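Handing you this structure, nothing more for now.
The values are calculated or read from the model by the stated rules, or taken from the named source; none is laboratory data. Because the structure is a prediction, the values reported are computed rather than measured. Positions of Cβ are backbone-derived with ideal geometry, glycine not excepted, and every protein chain shown enters the neighbour counts. Only protein heavy atoms, including side chains, enter the accessible area calculation; ligands, DNA and RNA are left aside. Shrake-Rupley method; radii C 1.70, N 1.55, O 1.52, S 1.80 Å.
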Amino acid sequence: MPVAPEDPVTRLSGVGPALAARLEKLGVRTVQDLVLLLPARYEDRTRVLPIGALRPGQRAVIEGEVLLTEVVRRRRPMLVVAFGDTTGMLTLRFFHFNARQQESLARGTRLRCFGEVRAGQRGLEIVHPEYQRADGPGGTEDEALTPVYPGTEGLTQARLRQLVRMAMRALGDSLPELLPPGALAGRGLPSLDDALRLLHHPPPDADLAALEGGSHPARRRLALEELLAHQLAMRALRHQARRKPAWPLPGGPLVERFIDSLPFTLTGAQRRVVAEVRRDLAAREPMMRLVQGDVGSGKTVVAAVAALQAVASGAQAAIMAPTELLAEQHYTNFRAWLEPLGVDVAWLSGSLPAAQRRDACARIASGEAAVAVGTHALFQEGVEFARLALAVIDEQHRFGVHQRLALTDKGTRAGRRPHQLVMTATPIPRTLAMATYADLDTSVIDELPPGRGEVRTVAMPESRRAEVITRIREACAAGRQAYWVCPLVEESDQLQAQAAEDTATLLAETLPELAIGLVHGRMKPAGKEQVMRAFKAGEIQLLVATTVIEVGVDVPRASLMIIENAERMGLAQLHQLRGRVGRGSDDSSCVLLYKPPLSPAATTRLAAMRETNDGFRIARTDLELRGPGEVLGVRQTGLLALKVADLARDAALMPQVRELADALLQRHPETVAGLERRWIGAATRYGQV
Ligand code: ADP
Ligand code: MG
């Protein structure tokens, strides 16, 4: 029986359960997976190089004769082989060897060896070369570049190469081409078959740099197909989510009254996004929209308009944030904005005392509270909304695609799904957003409210701490407020809280005239809130904090921020932290204190912070430094298990991917299932929600 692409690898001869388990570690389950396992790099073993021409660092094939073999006894015995051709000689060194190997390397044996040349104490050497006997004149040279596959324990490269070859042969032409021929020809891309053959077996003159760098048409072709499969899967998910209708929310005069009552006028960008959101809400289809906007761009008020549109339509809205502190702040804002309009706002968090929780739940269940603000607790067992029609999720990068959809699923009542508005302060380039948020429409608030002061950022070694203290003293004397952000202690909340307490004590000794407050993650929410409220009210002048203040905290009068050990923080985090100042009209400063010496990456981060306040530019640099997987968070993208495509490199393909997805859905819907199975597998990570 011929082998089918989706057969398990155990269908291949000689592949048993043990080997299959090792392959599984490489994400390889089916025969098709095996041929889609692409080399991480290649070695050129097509040419034998003269020993005399070798340079350290080169990976090379050499051919010659064993001149001398001896076992040298140091702490551990070592097999040392002097090896030469007509142009020179070098040493082959083995730390692990057996008697048979020693015998096979007898003087006079002709060998072909491959390995990395390095400079040893006595000239060039190769440690643990791959080798084989090369008897007879001029042994055969490889006629293709040698693929090096991503490795895993217990599987040698030789075995992997053999397995891939076997899989290629077993599949023959039974691996279907799933892209329409027009799509390939028009883009100068090869067929699946040609692409795979080339990638596993490139001719000696193939463009190695393009192959390894991912720009080779064969590789791009596979990346395109893979991104297409993910695009289709996410669209299917969206489609499925949207099959249930939503309550159309036409709004009412209340919304305009709210907008008019604001102490400021909306920016052009806010107005545009508000219009997009309101149009979505008025429709029968559930809105699934992402609002991207830099820190301080004013996303909260957009969420409030959306919530009011629900309320004005006789429905409820839920606003959820990932941390208590952030949720509390939304609660404060929403109450201040909405209660004057006669809207009851409920608060729900995990730490709420039972009686208060019961009360909140009752108001939510009866519909008395038209808006509920809180953490995850909003969507836990026992919370029933009377008529939830809108879920707003703030700071999306902390929630996964699944979580997000599960939330709106829980909110589904009487077959109606709530509209969903997701807000994130990690602005990412358009093409990347296309790849990772294919299930969402996106809106961008690309303008900051007017009248914001400049934020000047400087970086200083911590030896200049005294100067920084003087600056705080002067700023506070002039009626301004300051943040001091304490170093990150990754290992432990406890240590981090301790560090913050120590810093606060020290600063209190140095600056006795100031009212100093402290917040950290180990404090009770009520305690944190009290301190934050005092800071907001100006009763505290200097707030010592851990990175808990990272997201969303809004105190317009704070205009100085010191960040200690800034070299240890990520760029997105630094930018979020800095976003806490520059919210008023005063010019603000951000001082990045660092401990020298700086790593190259830390240097780049601090330089980026000094050079720009633009969240999009920061995000781009961050993406270059860390890659999309890290920046967006593992859970959220669901795209991390990409086999071939690399979001940093291949996001540029996204406009084409979208075009192809449209064309395929229209003209070749029968290929969609095959594409999803090929690239995402049966156990789809997007799953059923
Ligand atoms: P973010 O987008 O980071 O969540 P916020 O919604 O917290 O930003 O807004 C930051 C600050 O800007 C808040 O104090 C908010 O009241 C204020 N703000 C929002 N929109 C405007 C505007 N159009 N004009 C002036 N201030 C605004
Ligand atoms: Mg915010």
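Return yes or no: is Val392 within 16 Å of ligand 1 (Cβ to nearest atom), under 27 Å from the mean Cα position of the chain (by Cα) and closer than 17 Å to Arg335 by Cα?
yes
Could I ask something else about it? Quick one: Leu266 ticks every box in (1) within 16 Å of ligand 2 (Cβ to nearest atom); (2) closer than 22 Å to Tyr437 by Cβ except a single one, so which number is it?
(2)
Restricting attention to the stretch 180-205, which residues are open to solvent by less than 10 Å² (accessible area, probe 1.4 Å) and of a type outside the set (A, V, I, L, M)?
Correct list: Pro202 only.
Let me ask something else. What is the number of the single condition among (1) within 43 Å of the chain's Cα centre (by Cα); (2) at negative phi that Glu103 does not meet?
(1)
Would you point out which residue out of Leu145, Leu79, Leu163, Leu124 is in contact with a Phe, Trp or Tyr (Cβ under 7 Å, 6 or more places away or on another chain) and modelled with pLDDT of 90 or more?
Just one listed residue meets the conditions, Leu79.
State which residue pairs qualify: first residue over 20 Å from Pro181 (Cα atoms) and inside the stretch 193-220, second residue assigned to a helix (DSSP H, G or I) and charged (D, E, K, R) in any location, beta carbons under 6 Å apart, and separation of 6 or more residues or different chains.
Gly214/Arg649
Of the residues that make up the stretch 422-430, is at least one away from ligand 1 (no atom under 16 Å from the Cβ), in the same structural domain as Gln309 (by TED's automatic domain parsing) and in contact with a strand residue (DSSP E or B) (Cβ under 6 Å, 6 or more places away or on another chain)?
Checking the stretch 422-430: not a single residue is away from ligand 1 (no atom under 16 Å from the Cβ), in the same structural domain as Gln309 (by TED's automatic domain parsing) and in contact with a strand residue (DSSP E or B) (Cβ under 6 Å, 6 or more places away or on another chain).
Does at least one position in the stretch 91-103 carry a residue that is open to solvent by less than 40 Å² (accessible area, probe 1.4 Å), under 18 Å from Leu49 (Cβ atoms) and touching a strand residue (DSSP E or B) at 6+ places or on another chain (Cβ under 8 Å)?
yes
From the residues in the stretch 330-352 that are within 17 Å of Gly314 (Cα to Cα) and assigned to a strand (DSSP E or B), which one is nearest to ligand 2 (Cβ to nearest atom)?
Result: Val345.
Give me the residue from the stretch 141-179 that is open to solvent by 20 Å² or more (accessible area, probe 1.4 Å) and among the small types (Gly, Ala, Ser) and, out of that set, nearest to Gly27 (Cα to Cα).
Of everything passing the filter in the stretch 141-179, Gly151 is nearest to Gly27 (Cα to Cα).
Find all pairs meeting these conditions: Cβ atoms under 8 angstrom apart; at least six residues apart or on different chains; first residue within the stretch 257-268 and outside the structural domain of Trp337 (by TED's automatic domain parsing); second residue near ligand 1 (Cβ under 10 Å from one of its atoms) and not hydroxyl-bearing (Ser, Thr, Tyr).
none
Then there's this: Return the residue satisfying two criteria in turn: it lies in the stretch 403-453 and is surrounded by fewer than 20 Cβ atoms within 10 Å (Cβ to Cβ) and of a type in the set (S, T, N, Q), and of such residues it is farthest from His230 (Cα to Cα).
The residue in question is Thr412.
Now a separate question. Before we move on, is Thr152 modelled with pLDDT under 85, under 29 Å from Val15 (Cα atoms) and among the hydroxyl-bearing types (Ser, Thr, Tyr)?
yes
Would you check if Arg235 is open to solvent by 20 Å² or more (accessible area, probe 1.4 Å) and in the same structural domain as Pro655 (by TED's automatic domain parsing)?
When the stated conditions are applied, Arg235 passes them.
Of the residues that sit in the stretch 548-569 and are within 16 Å of ligand 1 (Cβ to nearest atom) and not hydrophobic (A, V, I, L, M, F, W, C), which one is modelled with the highest pLDDT?
Here the answer is Ser559.
Report yes if Arg610 is at pLDDT 85 or above and within 16 Å of ligand 1 (Cβ to nearest atom), otherwise no.
no
Yes/no matrix, rows are residues, columns are (1) at pLDDT below 85; (2) basic (Lys, Arg):
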{"site": "Ser443", "(1), (2)": "no, no"}
{"site": "Asp446", "(1), (2)": "no, no"}
{"site": "Arg464", "(1), (2)": "no, yes"}
{"site": "Ala478", "(1), (2)": "no, no"}
{"site": "Pro487", "(1), (2)": "yes, no"}
{"site": "Glu491", "(1), (2)": "yes, no"}
{"site": "Leu495", "(1), (2)": "yes, no"}
{"site": "Asp502", "(1), (2)": "no, no"}
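Please work out which residue is most open to solvent (accessible area, probe 1.4 Å), limiting yourself to the stretch 592-617 and to residues that are within 26 Å of Arg430 (Cβ to Cβ) and of a type in the set (A, V, I, L, M).
Only one residue fits best here, namely Ala601.
In the set Ala372, Ala365, Ala391, Ala355, which member is more than 24 Å from Arg284 (Cα to Cα) and not in a loop (DSSP other than H, G, I, E, B)?
Only one candidate passes the filter, namely Ala355.
Go through (1) within 16 Å of ligand 1 (Cβ to nearest atom); (2) in contact with a strand residue (DSSP E or B) (Cβ under 9 Å, 6 or more places away or on another chain) one by one and return the number of the condition Leu407 breaks.
If we test Leu407 against (1) within 16 Å of ligand 1 (Cβ to nearest atom); (2) in contact with a strand residue (DSSP E or B) (Cβ under 9 Å, 6 or more places away or on another chain), just (1) comes out false.
Could you grab me the full set of residues in the stretch 271-291 that are in contact with a strand residue (DSSP E or B) (Cβ under 7 Å, 6 or more places away or on another chain) and either over 27 Å from Thr612 (Cβ atoms) or more than 10 Å from ligand 1 (Cβ to nearest atom) (or both)?
Matches in the stretch 271-291: Val273, Glu276, Val277, Asp280, Leu281, Pro286, Met287, Met288, Arg289, Leu290.
Considering only the stretch 482-495, I want to know if a residue exists there that is farther than 16 Å from Leu593 by Cβ and in contact (Cβ under 8 Å) with a residue 40 or more places away in the chain.
For the stretch 482-495, residues farther than 16 Å from Leu593 by Cβ and in contact (Cβ under 8 Å) with a residue 40 or more places away in the chain: absent.
Quick one: which strands (runs of 3 or more DSSP E) lie wholly within the stretch 454-539 and hold at least 1 residues that are open to solvent by 20 Å² or more (accessible area, probe 1.4 Å)?
455-461, 516-519
I've got another one for you. Looking at the stretch 316-366, which of the residues that are open to solvent by 20 Å² or more (accessible area, probe 1.4 Å) and among the β-branched types (Val, Ile, Thr) is nearest to ligand 1 (Cβ to nearest atom)?
Per the stated criteria, the residue is Thr332.
I'm trying to understand the selection: among the residues of the stretch 189-248, which are assigned to a loop (DSSP other than H, G, I, E, B) and within 30 Å of Arg289 (Cα to Cα)?
Arg242, Arg243, Lys244, Pro245, Ala246, Trp247, Pro248
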